[in-house]
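Worksheet for the structure shown next.
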Amino acid sequence: MMGLVDIHLEWLGVSTFRLTLGSTVVLLDAYMDRVPSAPAVGLSSGEVERADYILVGHSHFDHLYGAATIAGNTGATIVGSYESLRLMSDAGVAESQLMAASGGEPIRLSEEIRVRVFPSLHSCIWASSERAADEACVGDLGVAHQERLGRLAARPGLGTLSEEIRAHVAKTGPRPRGDGGALAYLIETPDGSILWKDTSGHWSSLLHRLRPDAALLAAAGRGNVDGEPVQGSLSDFIANEVRLLEPRRVLLCHHDNWMPPFTREIDIGPIRARLTADAGPAELIEVAYLDPYPVLK
Ligand SMILES: [Zn+2]
């Protein structure tokens, strides 16, 4: 089969990418309209002129917000969890543009491109975590879901951090139920495959030997391994993901300073060192916002 003429991706901050696959444009998450004090990504959801599909990893606003605007302007179909699509339906997106998935669906994006949806896991936001990628964090094992929910409920809301964040969070609309159920996506093209995950969690058995050409992996928070918090550092978590997947190249996301002071940029130097030391031959690629990268070349 002939390859596609032009394949490139552009990082738009957090876990959002714009993936151009020949004549097909696919957004991976949709969040690019950030608080003014975050570094600008150079594109707003209202400026996206073309999109055929928007794949959504989970329902939190730093992934889903922007999808309704883009779908409205471009006619794109939104693929996401039933919870993500409930929110999009409430936001006024036409039912004909909503395609719910829970993992197991092979979705045709064009004659030549398919995406396979996998069940995935969100990072353990209820557990303790370290800010630096090479700082180990252990414990929090076997905590019942009720206690996890209790810990989350006991935290001060994001809106208490700053007036800017309070206004931003209010603008992003109603809150989802939890994360809505995280999904991972394997995009298969004649030129190779791309695995994308927008939060640091996974079912090990599902990633094992998928061997995508490129893996786009979220690097933030306390990793979730098969439902329990990783016993180690973020670098350990990413290195384990890479060992499972065996990709040719790796791009990291979600490590940027997307909502200060709630976030700050995570130095990925320790992750690079760790991958070089013991996660096989995968090449770690770093891209700037909106910098086109030929991901399957
Ligand atoms: Zn999230």
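Which of the residues belonging to the range 173-199 are within 16 Å of the ligand (Cβ to nearest atom) and open to solvent by less than 20 Å² (accessible area, probe 1.4 Å)? Give the derivation first.
Kept after step one, since they are within 16 Å of the ligand (Cβ to nearest atom), are these residues of the range 173-199: 173-185, 196-199.
Scanning the range 173-199 gives Ala182, Leu183, Ala184, Tyr185, Trp196, Lys197, Asp198, Thr199.
Of the residues screened, Ala101 is not one that is open to solvent by 20 Å² or more (accessible area, probe 1.4 Å) and away from the ligand (no atom under 16 Å from the Cβ).
Summed over the range 200-215, residues that are open to solvent by less than 10 Å² (accessible area, probe 1.4 Å), in contact (Cβ under 8 Å) with a residue 40 or more places away in the chain and in contact with a Ser or Thr (Cβ under 8 Å, 6 or more places away or on another chain) total 4.
This table checks each residue for (1) in a loop (DSSP other than H, G, I, E, B); (2) on the phi > 0 side of the Ramachandran plot; (3) out of contact with any Phe, Trp or Tyr (no Cβ under 7 Å at 6 or more places or on another chain).
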position	(1), (2), (3)
Gly104	yes, yes, yes
Val117	no, no, no
His122	yes, no, yes
Ile125	yes, no, yes
Pro156	yes, no, yes
Gly159	no, no, yes
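The single residue among Arg166, Arg131, Arg108 that is surrounded by fewer than 16 Cβ atoms within 10 Å (Cβ to Cβ), under 21 Å from the mean Cα position of the chain (by Cα) and farther than 30 Å from Ser235 by Cα turns out to be Arg108.
Kindly indicate the residue of the range 229-246 that is in a loop (DSSP other than H, G, I, E, B) and in contact with a Lys or Arg (Cβ under 7 Å, 6 or more places away or on another chain) and also farthest from Ser129 (Cα to Cα) among those meeting that condition.
Glu246
The values are calculated or read from the model by the stated rules, or taken from the named source; none is laboratory data. Quantities reported herein were computed from a predicted structural model and do not represent experimental measurements. With ideal geometry, Cβ positions are generated from the backbone for all residues, glycine too; neighbour counts draw on all protein chains shown. Please note that ligands, DNA and RNA were not included when accessible areas were found on the heavy atoms of the full protein model with its side chains. Shrake-Rupley method; radii C 1.70, N 1.55, O 1.52, S 1.80 Å.
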